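This report concerns only the one structure given below.
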Amino acid sequence: MTLGIILGSVAGYFGKMADSTIMRIVDIFMCFPFYVIAITCAAIFGPSIINVMLISGLLSWTGVCRIVRGEVLSLKQRDYVEAVRALGLNDFEIIFHHIIPNVVPIVIVNATLGIANGILSEAGLSYLGLGVAPPTPSWGNMLAAAQNLRILRKYWWLWVPAGLCVCITILAINFLGDGLRNAFDPKLD
């Protein structure tokens, strides 16, 4: 996520060459489906919670980068940025003191969505046997126990609580992100 914020800020604020280069790298990463690469990497490196976290982190920075770039392109055209530039602040001072603080609410909302996507990715990879190794408790491992029709019908208590916990947790994280956006976004006052 930090990589996405930094690259998005650089791409949006500096010239066309930096923007074009960084956005082509983002396009290369985004042209492959997330789950295809995640399943392939998890199969190569083996099931582990560390591997799931690294895979999710290395594949999910592109969305943040694009969102931050768009917001920075919008913010750098604002009057207050022109005013601080006229006062003599250099580009890095403008980015770190005036642009990034105004991008934080968007990053917070995107981070909460990223947490929800991370939970779903871990559950999906663990369900397939490529996430957390089975002795370690995981909602995906609990859902994987219900892979036959007999367990689905007769032993619902093995898989329903895990599914409900995933749904409730993701909803709670999304509501938290929406509340944080309302609390931190200066445009909503």
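The values are calculated or read from the model by the stated rules, or taken from the named source; none is laboratory data. Keep in mind that what you see is a predicted model, and the values were worked out from it rather than measured. A quick note on method: Cβ atoms are made from the backbone with ideal geometry, for glycine too, and the neighbour counts reach across all protein chains shown. Please note that ligands, DNA and RNA were not included when accessible areas were found on the heavy atoms of the full protein model with its side chains. Shrake-Rupley method; radii C 1.70, N 1.55, O 1.52, S 1.80 Å.
Below, the figures for the structure above:
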read-out	value
Per-peptide average of other Cβ atoms within 10 Å, ordering 42-53, 129-140 highest first	129-140, 42-53
Relative contact order computed over the chain (Cα-Cα under 8 Å; 6+ residues apart), in percent	23 percent
With every protein chain in place, the chain: carbon and sulfur % of accessible area (1.4 Å)	71 percent
Radius, Kirkwood style, for region 88-129 when every pair of distinct Cα atoms is counted (Å)	12.6 Å
Surface per residue (accessible, 1.4 Å probe) for region 35-189, Å²	59 Å²
Formal net charge of residues neighbouring Ile25 (Cβ-Cβ distance under 14 Å; K, R +1; D, E -1)	+1
Sorted peptide list for 161-173, 110-122, 78-90, criterion being average Cβ within 10 angstrom, highest first	110-122, 161-173, 78-90
C-alpha long axis of helix 61-75 to longest principal axis of the chain, angle in °	30 degrees
Pairwise label distance in nanometres, Leu152 with Asn90, each label 7 Å out on the Cα-Cβ vector	6.2 nm
Angle between the chain longest axis and helix 16-30 axis [Cα atoms, degrees, rounded to 10]	10 degrees
Reported label for calculated Rg and Dmax of the Cα atoms in Å given [x] 20.6, 72; [y] 24.9, 74; [z] 16.6, 52	[x]
